[in-house]
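*Asks:* Mind looking over this structure? Questions follow.
Nothing in this text is a laboratory measurement; each read-out follows from the coordinates by a stated rule. The model shown is predicted, which means the values in this text are computed figures rather than measured ones. No Cβ is skipped: glycine too gets one built from the backbone with ideal geometry, and neighbour counts run over all protein chains shown.
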Amino acid sequence: MRQDAMSNATGAVESLRRILGPRGRRAARHAVDAVAGPWLGSIRRVRTNLPYVAVTFDDGPDRTWTPQVLDVLTERACHATFFMLVGNARRHPELVRRMVAEGHEVALHGADHRSLVHLSRRAVRVRLASAASELAAIAGTPVTLFRPPFGAQTLRSYLGIRDVGLDCVVWDLDSLDWRGGNERDVADSVVTRATAGTIVLAHDGRAAIDEGASPHPPFDRARMAELLIGGLARRGLRTITVSDLLAIGDVRRTVWFSHYTPPEHAALGGR
């Protein structure tokens, strides 16, 4: 019964989205965020006049790509936030410690990449409390930020996240690097649209891929990061951590609730 009601509600929302169209959806989003954002909103971007953006990396640490992405950040003298899966952090604690030593921010993406939307508030709380505690122990630093796998979130899961003392961070620019493709095209798509205060979604790993059983896709994540950060720099934008970005401007929150998990994400572990 509850599942049927949830499906009906989701269908009604999708129907309303089609009726409103892009412009109507933007207007509705602004209205909802203005009223409910301060209480039920996830961090989406920062309003600031200073030339800073936050490039974030999900699904790591990855034994192949994370060290190379860190090398790029070191060469560019930039810092980023890494939303990690605890299972990966457990396998590669040396990479987590390297991130901290080099001034990057460690944040939580989950114990693994399974969606939380079908869990109760209590189950989310228990699951994330354990994951955040383990990741903090590995990193040797507090973990305060969380990004839901697939960007999927319900009111129940949002409240469970907040119960643990975590703040939910989404994004306002998706690099779509989880689709693969040409590294320059992927980077340019972000560089041309980024503005001061943007939070960019990128990946230093691929969730749901067994490192020992599956090769990495034909997509150079380090090269994409280099092109992305270099392109932002040419536009006068510097990459910093999410927490540093939050400290220099007006935090913009959005009421972000979605059950949707694209089929290709379920297979590849995107976002």
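*Asks:* Mind listing the phi-derived Karplus ³J(HN,Hα) values for the range 145-159, rounded to whole Hz, using 6.51, -1.76 and 1.60 with θ = phi - 60°, and x for any glycine or proline?
*Replies:* Here the 3J(HN,Hα) series is 10, 9, 10, x, x, 6, x, 8, 7, 10, 4, 4, 5, 4, 5 Hz.
*Asks:* Which order do the peptides 52-58, 184-190 come out in when sorted by mean C-beta neighbours inside 10 angstrom, highest first?
*Replies:* In descending order of packing, they fall as 52-58, 184-190.
*Asks:* Something else now. If you put +1 on each Lys and Arg Cβ and -1 on each Asp and Glu Cβ, how big is the dipole of the range 41-268 around its Cα centre, in Debye rounded to 20?
*Replies:* So the dipole magnitude of the range 41-268 works out to roughly 740 debye.
*Asks:* Return the long-range amide H neighbours of E105 (sequence gap of 5 or more, or a different chain), with a cut-off of under 5 Å between placed amide H atoms.
*Replies:* Placed amide hydrogens put A80, T81, F82 under 5 Å from E105.
*Asks:* With a ≥ b ≥ c taken as the square roots of the eigenvalues of the C-alpha gyration tensor of the range 41-268, please select rounded if a/c is under 1.5 and otherwise prolate if a/b is larger than b/c or oblate if it is not?
*Replies:* Rounded is the answer for the range 41-268, as its axis ratio a/c remains below 1.5.
*Asks:* Please list the non-local residues whose amide H lies under 5 Å from the amide H of R45, H modeled 1.01 Å from N, same-chain partners needing a gap of 5 or more.
*Replies:* The answer is R252.
*Asks:* Check which residues have an amide H placed less than 5 Å from L173's amide H, if you skip close sequence neighbours.
*Replies:* I199, L201
*Asks:* Which ³J(HN,Hα) values, rounded to whole Hz and listed in residue order, are derived for the range 57-64 from phi using the Karplus coefficients 6.51, -1.76 and 1.60 in 6.51 cos²θ - 1.76 cosθ + 1.60 with θ = phi - 60°, glycine and proline given as x?
*Replies:* 10, 9, 6, x, x, 10, 5, 8
*Asks:* Let me ask you something else. Placing +1 on the Cβ of each Lys and Arg and -1 on the Cβ of each Asp and Glu in the range 65-187, which of A136, W178, H104 has its Cα farthest towards the positive end of the resulting dipole?
*Replies:* A136
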